[in-house]
Amino acid sequence: MTPGTAWRRIAWAVLAVAVVIAVTPYVWLLLTSFKTRVDILSPEPTWRFAPTWANYPAVFIGKEYLPLLWNSLLIAGFSTLLSLAIGAPAAYVFARERFPGREDLFFFFLTTRMAPPISIAVPLFLFFTATGMIDTLHAVIIAHTSFNLSLVVWMMRGFFADIPREIDEAAQMDGRSRLGAFLGVVLPLAAPGLAATAVLCFILSWNEFLYAFLLAAFEGRPLTVGIPGLVTPHGTLWGQVAAVAVVATLPIVVFAMLVQRHLVRGLTFGAVKA
Amino acid sequence: MQGVDTGGTRGRLLFDRGTAWFLLAPAAVLVVIFLVGPFYYMTWTAFTDLSFANPDQHGAFIGFDNFRRLMREDDIFWSSFGRTLHFVVASVGLEFVLGFALALLIHRSVRSTRVVLTLLLIPMMLAPVAVGLLWKLLLQGDFGMVTHYLRSVGLLARDAAIFSDPSLVMPAIVAIDVWQWTPFVTLVVLAGLMSLPREPFEAATMDGAGPWRQFVDVLLPLMRPIIALVLLLRGIDAFKEFDKVFILTGGGPGTVSELLSIYAYRVNFKNWDIGYGAAVAFMVYLVVVILCSIFYKAVYWKPSGERVAA
């Protein structure tokens, strides 16, 4: 299995090309956010140019996009907290308890995650309109919590299952209640898994578009819903679009790199442990 | 309700019923109110004539009329259904082949995968909306960076504009999806490759099997669960594709790039034809649930709940 040098060189060349293809478009977005209108609209792609900072304040302060960033943070933050608080205990029960219909119920959680948003969007839209919660952060937070919940259940069940049952039993021997054993002993042991799950929930909520777009198109809209509004059939200010897109993506890219190890597990619903 | 359980001896329930329900209840309530409820509402409205565009249609029960209309009269639905299937097969197929090849390459020639993976990861972590906008910028007719280079190497005619040319729109959308999700296949397949046992390969080498035979007879069978997992997860996601296409073309020009989700959106939120829209949404849901149960059967073991892929 030791590849020769020629094979090695070809392999590295192919990999280099793949990496360049993967990264260049995003680099172009970063560059565009620092370009003036003239540089952006130049028919020859401009790789070297005099950078300008003007796009960022122009859109975040001038066009008041700063509150959208705040909305994104609140929605992703609160829906993550909620889905963990509700999902982790349920996952613990799925990991430890045997009861009839457990696997069916577990599968049911998966289908809720897979459900196409468009098919339950109308009832949710009507529900939130009827309760006066349409176009508020609450509506989006609840919607995101309900789809992230199953991810938490699926991921955390795996992490809890990795912790030997004997640990719960020992904690109970020491006189803790079952709830106490879960909160005081098992949950702290599962903390790394919990953190990875939290980051993934945050990313998925932050990146989500359709629910947010339908449930909070104006006041409560997050960044993902706000960016398309900057694109007009004529005279789109691409520098500003790029500036918002960078702010909407860069933190997530950095975040994702931090939890890279757990990413595979999360994105495959715990089926693959990397 | 069970009595006080002091033991925790093996085989005994670790919970009494009360605690278990207490821990499960919030999740169940949330799911019932915000997922099961809406699902039932959708299923019910699919059998009514509810429309917000037409004040006469208050939602009277009309039986299977919506589904009859969907099956027999709605050509747009069927063409968008076919288009969606094409999209799924083309993009997931390409992603799978490219992603698998890339994973093999990385597995065999890169000792420390961290840096390569970190960079490859970027496209799939971007918000789909941002991906849509990014490619809209890159493929602009008069100043798009990618357009420029495609033209200079002769892959694109000088006067062609990708998003207004009906024959180029879907290939472009497939290419963008491939750009975004190939890294996902690579990441998962690589994780699978790294967890493979060495012995079968050593045995095959002893038996004189060449690299190709090893790949076909040893590696692929061992990777079967991972392959099923990747294809189904990507398939389900691609079938639901909405964000990128919505941003890039909105389904146009005409209905050339109108995928099923976009069509369902149009019927519900543009025409406000809620009853009929529910029937369309129901069909999308049905296909996803079918794919989903195949996923579950193929990747997870039902009776024990044990994971096959590890």
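Quick note: the coordinates plus some simple rules give every number you see, no bench work behind them. These numbers were taken from a predicted model, which means no experiment stands behind them. Glycine also receives a Cβ, built like all others from the backbone with ideal geometry; neighbour counts cover every protein chain displayed.
Run the helix sum for chain B: -39,500 (n - 2.57) per DSSP H stretch of 4+ residues, divided by residue count, reported at 222 nm to the nearest 500 deg cm²/dmol.
Roughly -19000 deg cm²/dmol at 222 nm, from the helical runs in chain B.
For a quick check: sort A:232, B:186, B:43, A:129 by the number of other beta carbons within 10 angstrom, fewest at the front.
The fewest-first ordering by Cβ neighbours comes to A:232, A:129, B:43, B:186.
What distance in nm lies between label points placed 7 Å from Cα along the C-beta direction at residue B:198 and residue A:6?
If labels sit at residue B:198 and residue A:6, their model points lie 2.8 nm apart.
Taking chain A as the reference, fit the longest principal axis to its C-alpha atoms, fit the long axis of helix A:66-96 to the helix C-alpha atoms, and give the angle between the two in degrees, 0 to 90, nearest 10.
Its long axis makes an angle of about 20 degrees.
Sorting B:263, B:296, B:149 on the 10 Å Cβ count, fewest up front, what's the list? Don't skip to the answer; put the middle values down first.
Details: B:263 24, B:296 19, B:149 13.
Arranged by neighbour count, lowest to highest, B:263, B:296, B:149 become B:149, B:296, B:263.
Any idea how far the Cα center of region A:159-188 sits from the one of region A:7-31, in Å?
Measuring centre to centre over Cα atoms gives 47 Å.
As I understand it, the value is the acute angle between the Cα axis of helix A:191-207 and the longest principal axis of the Cα atoms of chain A; what does it come to in degrees, rounded to 10?
Roughly 40 degrees between the two axes.
What residues of region A:210-238 lie in the reach of a label at residue A:64, counting those whose backbone N is under 11 Å from a point 7 Å from the Cα along Cα→Cβ?
So the set is A:219.
Within a 10 angstrom radius of each residue's Cβ in B:255-263, how many Cβ atoms of other chains show up on average? Whole number is fine.
1
Work out how much length residue A:23 to residue A:217 would gain on full extension: take 0.36 nm times their residue separation and subtract the Cα-Cα distance, in nm to one decimal.
66.7 nm
Long-range amide H contacts for residue B:48: which residues qualify at under 5 Å (H placed 1.01 Å from N, peptide plane, sequence gap of 5 or more or a different chain)?
Answer set, sorted by chain and number: B:62.
Quote the relative contact order of chain A in percent (integer), defining contacts as alpha-carbon pairs under 8 Å separated by 6+ residues.
Dividing the mean separation by the residue count of chain A yields 29 percent.
What's the whole-number percent of alpha carbon pairs in the protein assembly as shown lying beyond 47 angstrom?
Working: 27227 of 170236 pairs.
Percentage above 47 Å: 16.
Work out the charge dipole of chain B with +1 on the Cβ of Lys and Arg and -1 on the Cβ of Asp and Glu about the Cα centre, then indicate which of B:153, B:85, B:53 is farthest towards its positive end.
Going by the Cα projections, it comes out as B:153.
Could you work out how much longer the chain between residue A:30 and residue A:126 gets when fully extended? Use 0.36 nm per residue separation minus the Cα distance between them, nm to one decimal.
Additional length available on full extension: 30.7 nm.
Taking the simple approach of a point 7 Å from Cα along Cα-to-Cβ for both residue B:213 and residue B:272, what is their distance in nm?
7.0 nm
Rounded to whole Å and sorted largest first, what semi-axes of the equivalent ellipsoid does the C-alpha gyration tensor of region A:102-239 yield via the square root of 5 times each eigenvalue?
39, 17, 14
Pick out the long, greasy-scoring helices in chain B: whole DSSP H runs spanning 24 Å or more along their own axis by Cα, mean Kyte-Doolittle at least 0.5.
Membrane-span-like by this rule: B:75-109, B:166-194, B:274-299.
Starting from the Cα of residue B:240, draw a straight line to each of the lysines and keep only those under 23 Å, dropping any in the same chain fewer than 8 residues away.
Cα-Cα hits under 23 Å: B:136, B:270, B:297.
Using just the helices of chain A, give the 222 nm mean residue ellipticity in deg cm²/dmol: DSSP H runs with n ≥ 4 each add -39,500 (n - 2.57), and the total is spread over all residues, rounded to 500.
Details: 13 runs with 186 residues, N = 274.
When only DSSP H runs of four or more count, the value is -22000 deg cm²/dmol.
Given 0.36 nm per residue, what is the gain on full extension from residue B:205 to residue B:21 after removing their alpha carbon distance, in nm?
60.8 nm
Listing A:155, B:71, A:257 from the residue with the fewest other Cβ atoms within 10 Å to the one with the most, what is the order?
B:71, A:257, A:155
Shielding by partners for A:252-264, please: the mean number of other protein chain Cβ atoms within 10 Å of each residue's Cβ.
Mean inter-chain Cβ contacts per residue within 10 Å come to 4.
Just how large is the dipole of the protein assembly as shown about the Cα centre, in debye to the nearest 20, putting +1 at every Lys and Arg Cβ and -1 at every Asp and Glu Cβ? Before the final figure, lay out the partial values.
Values: 42 positive and 37 negative charges, 258 e Å.
With Lys and Arg at +1 and Asp and Glu at -1, about 1240 debye.
Taking each residue of A:14-26 in turn, how many C-beta atoms of other protein chains fall within 10 Å of its C-beta, and what is the average?
6
With +1 on each Lys and Arg Cβ and -1 on each Asp and Glu Cβ, how big is the dipole of region A:64-268 about its Cα centre, in debye rounded to the nearest 20?
Roughly 260 debye, rounded to the nearest 20.
Name the residue from A:75, A:129, A:106 whose Cα lies farthest towards the positive end of the charge dipole of region A:70-144, charges +1 on Cβ of Lys and Arg and -1 on Cβ of Asp and Glu.
Value computed over the given set: A:106.
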